[in-house]
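Below you'll find the structure, written out as structure tokens, and then a few comments.
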Amino acid sequence: MARWLTNRNRQAAPAVVLSDVRPEYADGVQASTALVSGGLAGEGFRLRLRLHGDGPLDHSATPFLPLLAILAAASGTDGVVDGSVDAAALDGAERAMAVQAGFFDLRAPKLQASEVVAGGAAAGSGEQAAGGRQGRGTGLFFSRGVDSMATFLTDRSEITHFIVIDWVDAPYLSEGLVAATAGTRAAAESIGVPLLRVTSNARQLLDANPGWLIFHGQLLAASALLLSPQLAEVRISSTVSAGDPTPNSVHELSTDLWSSSRTAVVHRHAVTGTRVDKTALVAGDDWAMRWLNVCFTKNGEGNCGACPKCLLTMTTLDLVGAGDRLGERFDAPLTVEAVRACAETVPRTALENQRSLIDRLDDGPMRDAWRQVLANTEAGLAAKGSALERRIAQRRSDGE
């Protein structure tokens, strides 16, 4: 069993400390960095949040609060900042992490800092006054998946910047990733939306424990706060429908709490409905269909057409009337046999998307194939029996 699953029952260890926050600049890339020590960070690990481009960054400790919170929770201890933080962000981070700790059976940490600035910018943030946009924009994390595409299509008139999180640290950098990021930049340039490319080495510290599915929401929030001198609001697209009880690192109960007094971090439901409704919105826009990228399997730009995520998206696109366009973005055709073949590999986090798709499919071989996939997904959820999966099952039961 993974170590983080028993953290709630541990006696608190010495706190994880975040200190020595300072800017860096190398090879044309600017960064804000901080040293974390204690807990899973051991004797010390320097976290880096980088912007590959121009524009000011928040060089206070505030952007690191979400990462400190999840690191402390995964370590079974509390978090201490030796530095200056925004008061709203400090309070919100502790409350957001309490929600996430409840989701994932972690110990909710207490957070404190040596300097707390109320109602304004923390030292090193590069901001002089509290409140107001002051010419700053509205950003959207943009992966080119169905969720972020649907959010952009809904909020197009308000979005001033796209944000993409990329990887340049070993072992995550690859030629395929470079190609996919280039595609995202091309998509942004094609409609004249500036792209802010953020990278971080946080996965080197947190991928093993608590794992990407548990901490990616905190990394998104940290990146949003890093960009506060440029963005007054940053929107994170919901990956589940409103009211879905499934625990998620990006969730309507916690995302907004990561905000600071300078930048609102907003959990955004693009449409009222399910992923089928989001997909219908995407299918109706030529630009969105041209750049849609949902695949995590293909090492490069485009979509393999054979992995579970591709097949789920392809089936949904076919359902909403875009089946004749699948060949434009997917390398393999949609078949009942391909769906049946993926039955053992669909991630359990796709449970609600599978259910909403089945509810809308007509009776026939394709619906039967997805019912088989769903049955295997539910059986896997019950059989594995981890604390996380029990928590997911319990929250689903409570919500029904």
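Phi angles of region 318-328 translate, via the Karplus equation with coefficients 6.51, -1.76, 1.60 and θ = phi - 60°, into HN-Hα couplings of 5, 4, 8, x, 10, x, 6, 10, 4, x, 6 Hz per residue; Gly and Pro are given as x. For LYS298, a cut-off of 12 angstrom between C-alpha atoms picks up these aspartates and glutamates, skipping any fewer than 8 places away in its own chain: GLU175, ASP331. The fraction of all Cα pairs in the chain landing in successive 10 Å bins from 0 to the largest distance is 5, 22, 32, 26, 12, 2, 0, given as whole percents.
A straight Cα-to-Cα reach below 13 Å connects LYS110 with the aspartates and glutamates ASP78, ASP91, GLU94, residues fewer than 8 places away in its own chain not being considered. Computing Rg and the Kirkwood Rh from the Cα coordinates of region 294-382 gives a ratio, Rg/Rh, of 0.94. For region 365-372, putting each phi into the Karplus relation 6.51 cos²θ - 1.76 cosθ + 1.60 with θ = phi - 60° gives couplings of x, 5, 5, 4, 5, 6, 5, 5 Hz, in residue order, rounded to whole numbers and with x for Gly and Pro.
Taking the Kirkwood radius as Rh and the Cα radius of gyration as Rg, region 196-326 has a ratio of Rg/Rh equal to 0.99.
Axis of helix 351-360 versus longest Cα principal axis of the chain: the two differ by about 40°, to the nearest ten degrees.
Here's how it looks for SER143: its modeled amide H is under 5 Å from those of SER148, which are all 5 or more places away or on a different chain.
Measuring nothing but alpha carbons in region 139-194 and taking Rh as the Kirkwood radius, the Rg to Rh ratio lands at 1.01. The phi torsions of region 267-277, fed into the Karplus equation with coefficients 6.51, -1.76 and 1.60 and a -60° offset, translate into couplings of 7, 10, 8, 5, 9, 8, x, 9, 5, 4, 5 Hz, rounded to whole numbers, with Gly and Pro shown as x.
Since every read-out is calculated from the coordinates, none of them should be taken as a lab result. Everything numeric in this text was worked out from a predicted model, so none of it was measured.
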